[in-house]
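Right, one structure below, let's go through it.
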Amino acid sequence: MKSKAILSLILVFILMFSSAVPVLAAGTAQITQSVTVTADNPINRFTTFFKNIIDRIVDLWNQIDIFFEVKSEGVQNTKNVNAIHMLKSVTDTIGDSFIITTDDGKVIVIDGGMITETDYFLEYLRQATGNRKPHIDAWFLSHPHDDHCEVFLNVIENYGDALTFDKVYVNFAPIDFYSDTDEEADRILHDYARLRPLFEAKEQILSEGDIFNIGTAKFTVLYSFDSAFTGCNDSSLVFRMELGGKSVMFTGDSSVRAGQKILTNWGSSDMLKSDICKMAHHGQGGCDRDFYEAVSPEICLWPTPSWVWDNRNGNLQTLEVRAWMDELGVQKNYVAKDGSQLILL
């Protein structure tokens, strides 16, 4: 931590000096009264150049700060281990971010979270995989909302050298599907389309009923985008993963209608019962109790900030859903509000 303190002092001196430059520049212009203030003015070029340097230093400092934060958490390197990492939010905001490792060395990411989580996500991924430039075998995006897709889009646009990946698995609505109903989803769809040429060859569209393996992890898609449902949350990919002798249900932000369709289509099979369930829509009011009864999990994963877990605003269903899990005999709840969580399979 001594090196961190030294870096802090260096940054403070640099910032103090940079803040003085515009004042000195303005004073010089007033004294000479002959300098035209334009973009090509040497003073303006200098201040712009120096500001860019400061922006880079601040960005580097943020990365260093995140490095120490993740290091202090003692993130376990699970390369070649069957494990699920559920990442916390560094700003106690809502979002989904999961990193899965397998015993045959595969790395799988589900969603990723808000744009503000990008540095944390990347550093956590490095430490969980033991690789300064990690490789992701499969990246799932459940549905086009900020708290699920922004990290992916930010990595594609601004962190292209930070990692590599083989596939991105999606089933998004047509680009203008939410133009009149969901501004956030509309923006994400357009950003995705704008950046798609950078990864188009790696895109894999999933549909209900698809079954495939990523190393020793087996995936069965139980639900995908249905144009009859106009809400973006009900376009969430829902899939069951089998890994290390355990089954895990990933639900995205599915709400009651998607859950009921899954029950109708899959209720008579053995595909709903799962050892572990990722709570739908952060546990604040997604699928109904019938769905969770069919899944009947022993462990629940809650990508849930503190204010949602406590229903601090008073307008969520979280406390009721928590009561359901107690009544269904769930043995363990892993909650993101308590920090990033590791589940060994």
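Go through region 285-304 and count every residue that is among the hydroxyl-bearing types (Ser, Thr, Tyr) and part of a loop (DSSP other than H, G, I, E, B). Show your work before the answer.
Filtering region 285-304 for residues among the hydroxyl-bearing types (Ser, Thr, Tyr) gives 292, 296, 304.
Next cut, part of a loop (DSSP other than H, G, I, E, B) only: 296, 304.
The qualifying residues number 2.
From (1) more than 17 Å from Leu125 (Cβ to Cβ); (2) surrounded by 12 or more Cβ atoms within 10 Å (Cβ to Cβ), pick out the condition that doesn't hold for Pro197.
With respect to (1) more than 17 Å from Leu125 (Cβ to Cβ); (2) surrounded by 12 or more Cβ atoms within 10 Å (Cβ to Cβ), Pro197 is out only on (2).
Filter the strands (runs of 3 or more DSSP E) completely within region 207-279 down to those with at least 1 residues that are more than 23 Å from Asn333 (Cβ to Cβ).
The strands (runs of 3 or more DSSP E) meeting that bar are 211-214, 217-223.
Under 7 Å between Cβ atoms, at least 6 apart or on separate chains: pull out the pairs that start in region 199-226 with a residue that is within 30 Å of Asn158 (Cα to Cα) and end on any residue that is assigned to a strand (DSSP E or B) and among the small types (Gly, Ala, Ser).
Partner pairs satisfying both residue conditions: Ile214/Ala138.
Could you say which residue among Lys71, Lys79, Lys4, Lys88 is within 31 Å of the chain's Cα centre (by Cα) and at pLDDT below 70? Lay out the reasoning, then the answer.
Values: Lys71 fails: at pLDDT below 70; Lys79 fails: at pLDDT below 70; Lys88 fails: at pLDDT below 70.
Answer to the selection: Lys4.
Of the conditions (1) within 16 Å of Asp111 (Cα to Cα); (2) touching a residue at least 60 places away in the same chain (Cβ under 8 Å), Leu243 satisfies every one except a single condition; which number is it?
Looking at each condition in turn, Leu243 falls short on (1).
Across region 305-316, what is the number of residues that are surrounded by fewer than 16 Cβ atoms within 10 Å (Cβ to Cβ) and either outside the structural domain of Asp96 (by TED's automatic domain parsing) or part of a loop (DSSP other than H, G, I, E, B) (or both)?
Residues meeting the conditions: 5.
The values are calculated or read from the model by the stated rules, or taken from the named source; none is laboratory data. From a predicted model like this one, the values you see are computed outputs, not experimental measurements. Note that we place each Cβ from the backbone using ideal geometry, even for glycine, and neighbour counts take in every protein chain shown.
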